[in-house]
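The values are calculated or read from the model by the stated rules, or taken from the named source; none is laboratory data. What you are looking at is a predicted structure, and each value in this text was computed from that prediction instead of being measured. When we count neighbours, we look across all protein chains shown, and the Cβ atoms used for this are built from the backbone with ideal geometry, even at glycine. The protein model used for the area step is the full one, side chains on, heavy atoms only, and it has no ligands, DNA or RNA in it. Shrake-Rupley method; radii C 1.70, N 1.55, O 1.52, S 1.80 Å.
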Amino acid sequence: MNVEREMLPTAAYAEVVGAERVRPATPADAIDGVQPQLVVTPGNADEAAHLLRIAHSNGLRVTPRGGGAKLGWGNPPHDFDLILSTERLNRVLEHAWGDMTATVEAGCTLARFQQALAQHNQRLALDPLWPEQATIGGILATNDSGSLRLRFGSLRDLLIGITIALPDGTLAKSGGKVVKNVAGYDLPKLMTGSLGTLGVIVEATFRLHPLPRATQSLSFAVPNVAQANQFLLKILDSSLAATGVQLRVDAAARVIVDTRFEGMPAAIDAQIRQVTRLAEPLAPTPASPEVWRAAEALWSGADPALVCKVSVLPSQLGAFWQAVEQVAAALRLAPAMVAQALGVGLLRLEGANKEVLLVALDRLRSAATGLGGSLVALHCPASIKARCDVWGAGGDTLPLMRLVKKQFDPQGTLTSGRFLGGI
């Protein structure tokens, strides 16, 4: 519940962005039941910084919002007063196609950005959840990479420059427009995955890759997850240059391994022959590109439900699923999972009641940490969020993270309470 603080008159914000860009918040703007008072929409980086300066000087709390696709991720906010919407920061500022870099504002959706890049046969090699709704700033804040990470690296590898509005209203820039820029403090990497707790991302510069000449996906039905895990490891240990390899277990307990190859048709054919030999006696079937959006379906279904992000070593995916099966059987839960070959996956559990899901979360988190990994609850009933930290224990990193937060946002202006340890 929000702590009551005296708000400045709407005119104070309207002077910066115009009266039509300031409105009272509605219940639809609440985050985990916590209701802000105003939604303010800047039109450029300077306006965003100015709004933060006003809020900071008056002790107000601010949460940035892009497309809103992942606002439910993280702990409930302690309280907040303003939503700073980036929906008007939606321009592609520069596409240096000869250098294969592009600079884009944080409120631009990934789908719109990709359309602009495709005019020069280029792309940002990234396929996060809900690309039509997810904005560049939100993707960076949540560090949502997707299956293309296998071939092209993580989001931190693709990001080469960033501009952020700091809580005190300062605009800070780091990185540059050239791929080999390595000088200075690595603010781009620090901001990736920070959930808006350190600053508001207003612009980002990325390295790009060519659009593939052709793409082909194949699926293999596998008897069980243990065998699927071994198949994934064979692919990782081979000379194959797959741009996606994922393991799916649906609610009917069917186990499928999807593979994707891109490039010249002749090269794809050679890759397909090689992966088919590795898979023997399993037979491939052609797969639709939609299989690479299978994880989005984990947010659909009956409630109450729990959706978690799990990270383990690739070799431990089978062991983790064994723990999932044991927990699901004991608690009468229906599990489904989509996991990438590098060991990062999304898991859905549907249960009869919220208490059972809380027990499942605790047991599966213990299983993941026991395998040297981690587990974060991305979607769960509010009653579960009220009784645990969705991120899990911070371990040895939490004191350092608190120091970083204190350095960037000593007054707690941004995204109060939603990150690990209530940061």
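What's the Kirkwood radius of segment 75-180 in Å, using all Cα pairs?
14.9 Å is the Kirkwood radius here.
For the chain, what is the accessible area per residue in Å² when the probe is 1.4 Å?
43 Å²
If I histogram all Cα-Cα distances within segment 1-133 using bins 5 Å wide from 0, what percent of pairs lands in each bin?
Per 5 Å bin, starting at 0, the Cα pair percentages come out as 2, 10, 18, 19, 17, 14, 9, 7, 4, 1, 0.
Using 0.36 nm per residue, how much length does the chain from residue 252 to residue 272 gain when fully extended, once their Cα-Cα distance is taken away?
On the way: separation 20, 0.36 × 20 = 7.20 nm, distance 2.78 nm.
Difference between extended and current length: 4.4 nm.
What list of whole percents do you get for P(r) of segment 163-279, with Cα-Cα distances grouped in 10 Å bins up to the one holding the largest distance?
For segment 163-279, the binned pair fractions read 11, 28, 18, 25, 16, 2 percent.
Mind checking the log10 I(q)/I(0) for segment 94-134 at q = 0.31 Å⁻¹? Debye, one equal scatterer per Cα, no solvent, two decimals.
Each listed q corresponds, in turn, to -1.20.
Summing -39500 (n - 2.57) over the DSSP H runs of n ≥ 4 in the chain and dividing by its residue number, what mean residue ellipticity at 222 nm do you reach, to the nearest 500 deg cm²/dmol?
Result for the chain: -8500 deg cm²/dmol, rounded to the nearest 500.
Fully extended, how many nm does the chain gain between residue 186 and residue 280 (0.36 nm per residue separation, minus their Cα-Cα distance)?
Working: separation 94, 0.36 × 94 = 33.84 nm, distance 4.52 nm.
Net length gain for the segment: 29.3 nm.
Can you pull the semi-axes for segment 187-245, root of five times each eigenvalue of the Cα gyration tensor, sorted largest first, whole Å?
In descending order, the three semi-axes are 35, 19, 11 Å.
Net charge within 13 Å of residue 219 by Cβ-Cβ distance, Lys/Arg positive one each and Asp/Glu negative one each, not counting residue 219 itself?
0
Per residue of segment 395-403, what does 6.51 cos²θ - 1.76 cosθ + 1.60 with θ = phi - 60° give for ³J(HN,Hα)? Whole Hz please, x for Gly and Pro, Karplus curve as stated.
Whole-Hz 3J(HN,Hα) from phi for segment 395-403: x, 6, 7, 4, x, 5, 5, 5, 5.
With the radius of gyration and the Kirkwood radius both derived from the Cα set of segment 274-377, what is their ratio Rg to Rh?
1.02
In segment 265-423, carbon and sulfur make up what percent of the accessible area (probe 1.4 Å)? If you can, show how the numbers build up before the last one.
Details: 4300 of 7440 Å².
Carbon with sulfur: 58 percent of the solvent-accessible area.
Using DSSP, restrict attention to beta bridges with both residues in segment 15-87 and report what percent are antiparallel, rounded to the nearest 5.
35 percent
Can you give the convex hull volume of the alpha carbon atoms of the chain per residue, in Å³? Can you show the working numbers first?
Numbers: hull volume 59.1 nm³, N = 423.
Hull volume normalised by residue count: 140 Å³.
Across segment 71-79, in residue order, what do the Karplus-derived ³J(HN,Hα) couplings come to in whole Hz, using 6.51 cos²θ - 1.76 cosθ + 1.60 with θ = phi - 60° and x for Gly and Pro?
Taking θ as phi minus 60°, the curve returns 5, x, 6, x, 6, x, x, 4, 5 Hz for segment 71-79.
With θ taken as phi - 60° and the coefficients 6.51, -1.76 and 1.60, list the Karplus ³J(HN,Hα) couplings across segment 231-238 in order, rounded to whole Hz; mark glycine and proline as x.
5, 4, 5, 4, 5, 5, 8, 8
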